[in-house]
């Protein structure tokens, strides 16, 4: 009877706590869970950093293209018939494009110029800030204007231009060291503009 009672107490004593092996297993499982959570957190942070870089590049492209679209709508807009037909484009180079139009409806034509200066897309309007250039968007990697006549053939003759094509590339302001220490985030956009006033 006494022996059975002793066995019962010993068995109960073992059920009241953890063995050393059980504690080790618990610690290992806890460490693995912690490492998994840490890795997930790091990956989420990296993903957010990448998305942030991509978003800023997309914003630059959107600002640049919106500004270009708005201005080119006025290319050749001349309600006062100030110029003869074909004199509205004054420069048509790969990284420099200048044209005339009545931007502010005062019957006086303004000259608008876009150009690439290093990594900056710049814009100038003849009656704003004394015609000084101001930045439209930074981190410009490359920009190329090409020009076409009404038949769709490439042309360098200013009076014959009826379509303007632009390929513009922006990159992030820095490399994403957390995600990819070698590559910049880059976005290229192509668009063709058909100035409606040149078709009249």
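Mind sorting 192, 146 by how few other Cβ atoms lie within 10 Å of their own Cβ, fewest first?
Lowest to highest Cβ neighbour count: 192, 146.
Give me 99, 170 ranked fewest to most by other Cβ atoms within 10 Å of their Cβ, as a rough exposure proxy.
Lowest to highest Cβ neighbour count: 99, 170.
Given a Förster radius of 25 Å and the C-beta distance between residue 58 and residue 105 as r, what FRET efficiency does 1/(1 + (r/R0)^6) yield to the nearest 0.05? The partial results should precede the final answer.
Details: r = 32 Å, r/R0 = 1.29.
The computed FRET efficiency comes out at 0.20.
Taking R0 as 35 Å, what's the FRET efficiency between residue 146 and residue 173 from their Cβ-Cβ distance, rounded to 0.05? Before the final figure, lay out the partial values.
Numbers: r = 28 Å, r/R0 = 0.80.
The formula returns an efficiency of 0.80 here.
Using only the Cα atoms, what convex hull volume per residue in Å³ does segment 57-199 have?
Value for segment 57-199: 107 Å³ per residue.
Extension gain residue 194-residue 138, at 0.36 nm per residue separation less the Cα-Cα distance, in nm?
Gain on extension, residue 194 to residue 138, equals 17.6 nm.
None of the figures in this text is laboratory data; all of them are computed from the coordinates on show. In this text, all values refer to a predicted model and were calculated from it rather than measured experimentally. Ideal geometry is used to build each Cβ from the backbone, glycine not excepted, and the neighbour counts take in all protein chains shown.
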